[in-house]
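Colleague: Following this message is one structure expressed as structure tokens.
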Amino acid sequence: MTATALCAILTVDAMAAKDAKQTDNQSPKAYVGKMPDNDKLKVLTEHKVIATFQEVKFRRCVGLTGRCPDRCGSSGEFANFKITDYLHHKKLGKYGEDKYESYLAQISDFHRKPQGDPALLAHIESLEKGDQVVIEWKHLYGELRTGGSSPVRPLLLLKKIDQAEAKKLRD
């Protein structure tokens, strides 16, 4: 089984920032998100990777709750990225994650209604199969609402890069 990071839309929606330096005639240069404003969340792992954009594909949840598949939040369209290189991986404590082989960002719900920050959706829409990107996210865990702790993986950076920039980052 391969490890896959899943960027939950809740995270993208609630914590996303504006696109970095977008002009009217150009595709977004990068999507820059931010960390949640919650001192009860602990960072378990930091990830920064070079990945290749594969496709946007509809995924159906595995049906483990009574809200599945249309109201659970786990079905919808996902942007799929194959991780080719790790630039940074830091496990902070025993519950941190290992390195991943792919990364998913949910961009719509079961009914294909767009979800998340419009700047992120625009950036993903501008990508073509095979485009290389830098993705940065953190794995957090803690109390999101009273009495309920769960993981959160805020997307902090999604930036399209060319071959020269990829080579420079690898070196």
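What follows draws every value from the coordinates through simple rules; no lab data is involved. For clarity, every value in this text was computed on a predicted model and none was experimentally measured. All Cβ positions, even for glycine, are placed from backbone atoms using ideal geometry, and neighbour counts span all protein chains on display.
Colleague: Each residue of the range 143-151 in order: what ³J(HN,Hα) in whole Hz does its phi give by Karplus 6.51 cos²θ - 1.76 cosθ + 1.60, θ = phi - 60°, with x for Gly and Pro?
Modeller: Whole-Hz 3J(HN,Hα) from phi for the range 143-151: 7, 8, 9, 3, x, x, 9, 7, x.
Colleague: Using the structure shown, select from Lys42/Lys113; Lys94/Lys160; Lys34/Lys113; Lys57/Lys91; Lys29/Lys94 the pairs with a Cα to Cα distance greater than 26 angstrom.
Modeller: Working: Lys42/Lys113 31 Å; Lys94/Lys160 32 Å; Lys34/Lys113 23 Å; Lys57/Lys91 30 Å; Lys29/Lys94 36 Å.
Over 26 Å Cα-Cα: Lys42/Lys113; Lys94/Lys160; Lys57/Lys91; Lys29/Lys94.
Colleague: Right, next: Normalised by the residues of the range 67-120, what does the relative contact order come to in percent, with Cα pairs under 8 Å and at least six apart? If you can, show how the numbers build up before the last one.
Modeller: On the way: 61 pairs, mean separation 24.5, N = 54.
Here the relative contact order equals 45 percent.
Colleague: Could you give me the ³J(HN,Hα) list for the range 34-47, computed from phi with Karplus coefficients 6.51, -1.76, 1.60 and θ = phi - 60°, whole Hz, x at Gly and Pro?
Modeller: Each residue of the range 34-47 in turn: 9, 6, x, 8, 8, 6, 8, 9, 10, 6, 9, 8, 10, 10 Hz.
Colleague: Compute the distance in nm between two label points, each set 7 Å from the Cα along the Cα-to-Cβ direction, one at Glu128 and one at Leu157.
Modeller: Once both label points are built, they end up 2.5 nm from each other.
Colleague: Along the positive direction of the dipole of the range 4-170 (beta-carbon charges: Lys, Arg +1; Asp, Glu -1; about the Cα centre), which of Leu169, Val43, Gly33 reaches farthest?
Modeller: The one lying farthest along the dipole's positive direction is Val43.
Colleague: For the range 56-119, run through the trypsin sites (Lys or Arg not before Pro) and keep only the ones in DSSP coil with at most 14 other Cβ atoms within 10 Å of their Cβ. It would help to have the intermediate numbers written out before the result.
Modeller: Working: sites: Lys57, Arg59, Arg60, Arg67, Arg71, Lys82, Lys90, Lys91, Lys94, Lys99, Arg112; in loops: Arg60, Arg67, Arg71, Lys94, Lys99, Arg112.
Those satisfying the criteria are Arg60, Arg67, Arg71, Lys94, Lys99, Arg112.
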